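Q: Handing you this structure, nothing more for now.
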Amino acid sequence: MKNSLIGIIGLGYVGLPLAAAFASKYQVTGFDINEKRIKELNKGFDSTNELTPEQLNKVIGSSLKLTTTLADISNCTTFIVTVPTPVNSSKNPDLTPVVKATESVSTVLKKGDTVVYESTVYPGVTEEICVPILEDKTGLKFNVDFFVGYSPERINPGDKKHTITKITKVVSGSTPQTLKKLSVLYGSIIEAGIYEAPTIKTAEAAK
């Protein structure tokens, strides 16, 4: 797993700490469409206050690169989507950011790659909404050419005690091999341990 190249899509209060944690062991590229956010982070300022300037400066420029250019994540082999899922006026989750992020990933997805979703969604979204987009946009075949996983984010914004590495991580994969791969990948940075969910829908319901 040392050669894993990880792309994080969405650098908010979930994606940024995750990117920094993975950057302690892997080469990571963080992508966000917000140019102001990227400029601030590259200067060592995190407006979400999840990371200190010291924590940011420790990884940015060495093992962590931040960008607003999709082509910069094209060499990654594992893509982790951490965009928000806002609630609309009908109190239903607005999947627009997840769909747009999936479309973005589809422009750089290659044979053998894995896409992991951490965004909060209802059971079925990953396999019934996201996977068809990836197949349609790329012409690649699910579970033959590319694989997916789901791992619900469980960060409480602003909680400096229960940070990402100190919360048990639920992981799931579209094949047994994908599950094991993601279990090892996340397990390399999560001190609190890994729970392997039997299915992606189970993991989606865990939040």
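Q: Are there trypsin sites (Lys or Arg not before Pro) in region 111-196 that DSSP puts in a loop and that have at most 14 other Cβ atoms within 10 Å, and which ones? Spell out each step's value before the answer.
A: Numbers: sites: Lys111, Lys137, Lys141, Arg154, Lys160, Lys161, Lys166, Lys169, Lys180, Lys181; in loops: Lys111, Lys141, Arg154, Lys160, Lys161.
The qualifying sites are Lys111, Lys141, Lys160, Lys161.
Q: Also, I was wondering about something else. Measuring from centroid to centroid over Cα atoms, what is the spacing of region 28-76 and region 77-119 in Å?
A: About 18 Å separates the Cα centre of region 28-76 from the one of region 77-119.
Q: Can I ask one more? So how much accessible area does Tyr117 have, in Å² to the nearest 10, using a 1.4 Å probe?
A: Its accessible surface works out to 0 Å², give or take rounding.
Q: Shifting gears a bit: Can you check what the net charge comes to around Lys65, using other residues whose Cβ is under 13 Å from the Cβ of Lys65 (Lys, Arg +1; Asp, Glu -1)? Before the final figure, lay out the partial values.
A: On the way: positive: none; negative: Asp32, Asp72.
Summing Lys and Arg as +1 and Asp and Glu as -1 gives -2.
Q: Could you tell me what percent of the accessible area of the chain is made up of carbon and sulfur, with a 1.4 Å probe and every protein chain present?
A: Details: 5220 of 9680 Å².
Carbon-and-sulfur percentage of accessible area, whole number: 54.
Q: Within region 2-87, which trypsin sites (Lys or Arg not before Pro) sit in a loop by DSSP and count at most 15 neighbouring Cβ atoms inside 10 Å? Show your work: numbers first, answer last.
A: Working: sites: Lys2, Lys25, Lys36, Arg37, Lys39, Lys43, Lys58, Lys65; in loops: Lys2, Lys25, Lys43.
Listed in order of number, the matching sites are Lys2, Lys25, Lys43.
Q: If you don't mind, there's one more thing I want to ask. First check a/c for region 28-136, with a ≥ b ≥ c the square roots of the eigenvalues of its C-alpha gyration tensor; if it is under 1.5, answer rounded, and if not, answer prolate when a/b is larger than b/c or oblate otherwise. Please report the intermediate quantities before stating the final value.
A: Numbers: a/c = 2.36, a/b = 1.37, b/c = 1.73.
Here region 28-136 falls in the oblate category.
Q: Cα atoms only: what Rg and Dmax, in Å, come out for the chain?
A: So, for the chain, Rg and Dmax equal 15.7, 45 Å respectively.
Q: So, one more: Where both residues lie in the chain, what percent of DSSP beta bridges are antiparallel, nearest 5?
A: Details: 3 of 29 bridges.
Beta bridges within the chain, antiparallel portion: roughly 10 percent.
The values are calculated or read from the model by the stated rules, or taken from the named source; none is laboratory data. Being a predicted model, the structure only gives us computed values, none of them experimental. Cβ coordinates were reconstructed from backbone atoms using ideal geometry, including for glycine residues, and neighbour counts include every protein chain displayed. Ligands, DNA and RNA are excluded from the accessible area calculation, which covers all protein heavy atoms including side chains. Shrake-Rupley method; radii C 1.70, N 1.55, O 1.52, S 1.80 Å.
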